[in-house]
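Input: a single structure, listed below in structure tokens.
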Amino acid sequence: MPPFAKVRIQGLYALPKSQEPVTAELLESVAEFFRRHSGRVLAITGAGVSVASGIPDYRGPQGTYRVHRGYTPILHHELIAQHATRQRYWARSFFGIRPAFLASPNPTHRALASLENAGHISGLITQNVDGLHLQAGSRNVLELHGSLRHVRCLDCGHLENREDFQRTLEELNPVWAGVGREMLRSGEEPMRRPDGDIELPAALSYADFAYPQCPQCHTGHFMPTVVFFGGNVAPEVRLRSHEMVEENGAVIVCGSSLATFSAFRLVRHAREMGREVLIVNLGETRGDKEAKWKVEAPVEEIVPPVAAILGA
């Protein structure tokens, strides 16, 4: 039995409470997982994969929910219905999006792309909205929760590049743009979120922040092409994600607590289909009982060296 196998004790899973040593034997066991399934491995990734790129996660040791326990994300229905909520979102995203665009793929992103290029994994489903898997060279990528790289009109569906939209926001809000330049000059950067949102002073008013109407229909307002909390994954994306699970013989989960149901149900579906599931994550996940294997370690200490073992 591999050294990271879970042990059943009186019907319950005994999971490690802290990081286990990353040994040559452990890495070889993970490499053997890929060999065993001969290119029919699907990767599912979460925010833990992008932490090494400087993008914070939600539930990790320094994640948003741990550092700021009272943090409440903007909800889908609020963004659609409330002008004040849109002002708050775009003002905060106005400052928070630039560092996300400047982030670069890290060794885990590159290792996953190499594993795909070498034929060890067939594709990748990511919960991340930062686009770093595509930048790293992964080709068969399904962005389960969308991407921050574009915005879409809520009325007519007009799609616009997020960086072009950022320039429009700068033109509409010169005072705020000046504050942003001062932040860059001073190096005093606020707390960032994985979705491009940032932490600004609670007393700050967003009442004068302007955001554009759609230039195509002249009535609608824009929304990032991401799934907000309380929103739903698009039916075609949900269908394709299930198809990708069914097309493969195994699933490896990398850097995700699987707290969102949209990702957890894929792991549950894999187990129901009889697929072998391996989870690589530092900390408990919602899918631990669905998995056959669990590696309690940061993904950056497992995936890149395993890719090297496999010659990727």
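For the residues A202, A263, the requirement of being under 28 Å from G96 (Cα atoms) and modelled with pLDDT under 95 singles out A202. Of everything listed in (1) surrounded by fewer than 19 Cβ atoms within 10 Å (Cβ to Cβ); (2) modelled with pLDDT of 95 or more; (3) over 28 Å from E28 (Cβ atoms), the single unmet condition for G231 is (2). Just wondering, is there one or more residues in the range 153-166 that are within 18 Å of Q82 (Cα to Cα), modelled with pLDDT of 90 or more and either assigned to a helix (DSSP H, G or I) or of a type in the set (A, V, I, L, M) (or both)? There is no residue in the range 153-166 that is within 18 Å of Q82 (Cα to Cα), modelled with pLDDT of 90 or more and either assigned to a helix (DSSP H, G or I) or of a type in the set (A, V, I, L, M) (or both). What strands (runs of 3 or more DSSP E) completely inside the range 1-48 contain at least 3 residues that are modelled with pLDDT under 95 and either of a type in the set (D, E) or out of contact with any Cys (no Cβ under 8 Å at 6 or more places or on another chain) (or both)? Those strands (runs of 3 or more DSSP E) span 7-9, 12-14. Of all the residues in the range 214-228, those that are open to solvent by less than 30 Å² (accessible area, probe 1.4 Å) and at pLDDT below 90 number 2. The requirement of being in a strand (DSSP E or B) and buried (at least 21 other Cβ atoms within 10 Å of the Cβ) is satisfied by I125. For the range 237-261, the tally of residues that are open to solvent by 20 Å² or more (accessible area, probe 1.4 Å) and small (G, A, S) stands at 2. For V277, the conditions (1) surrounded by fewer than 20 Cβ atoms within 10 Å (Cβ to Cβ); (2) touching a helix residue (DSSP H, G or I) at 6+ places or on another chain (Cβ under 8 Å) all hold with the exception of (1). Of the residues making up the range 107-134, those that are under 14 Å from the mean Cα position of the chain (by Cα) and in contact (Cβ under 8 Å) with a residue 24 or more places away in the chain number 11. For the range 284-291, state whether one or more residues are closer than 25 Å to A136 by Cα, modelled with pLDDT of 95 or more and small (G, A, S). No, that holds for no residue.
Let's see how each residue does on (1) surrounded by fewer than 10 Cβ atoms within 10 Å (Cβ to Cβ); (2) closer than 21 Å to V129 by Cβ; (3) modelled with pLDDT under 75; (4) not hydrophobic (A, V, I, L, M, F, W, C):
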position	(1), (2), (3), (4)
V175	yes, no, no, no
L184	no, no, yes, no
E189	no, yes, yes, yes
R193	no, yes, yes, yes
I198	no, yes, yes, no
Y206	no, no, no, yes
P212	no, no, no, yes
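Residues that are within 19 Å of the chain's Cα centre (by Cα), over 15 Å from E20 (Cβ atoms) and among the β-branched types (V, I, T) within the range 286-312 comprise just one, V303. For the range 136-152, which residues satisfy the criterion of being among the polar types (S, T, N, Q) and either open to solvent by less than 40 Å² (accessible area, probe 1.4 Å) or in a strand (DSSP E or B) (or both)? Of everything in the range 136-152, those that are among the polar types (S, T, N, Q) and either open to solvent by less than 40 Å² (accessible area, probe 1.4 Å) or in a strand (DSSP E or B) (or both) turn out to be S138, S147. Criterion applied to R92, R98 was being among the basic types (K, R) and either within 17 Å of F228 (Cα to Cα) or within 14 Å of the chain's Cα centre (by Cα) (or both), and the one residue passing it is R92.
Assessment of the range 106-114 against the conditions (modelled with pLDDT of 95 or more, open to solvent by less than 20 Å² (accessible area, probe 1.4 Å), among the polar types (S, T, N, Q) and in a loop (DSSP other than H, G, I, E, B)) yields at least one matching residue.
The values are calculated or read from the model by the stated rules, or taken from the named source; none is laboratory data. Since we're looking at a predicted model, the values are computed, not measured. Cβ: placed from backbone, ideal geometry, glycine included. Neighbour counts: every protein chain shown. SASA here: full protein model, heavy atoms, side chains in, ligands and nucleic acids out. Shrake-Rupley method; radii C 1.70, N 1.55, O 1.52, S 1.80 Å.
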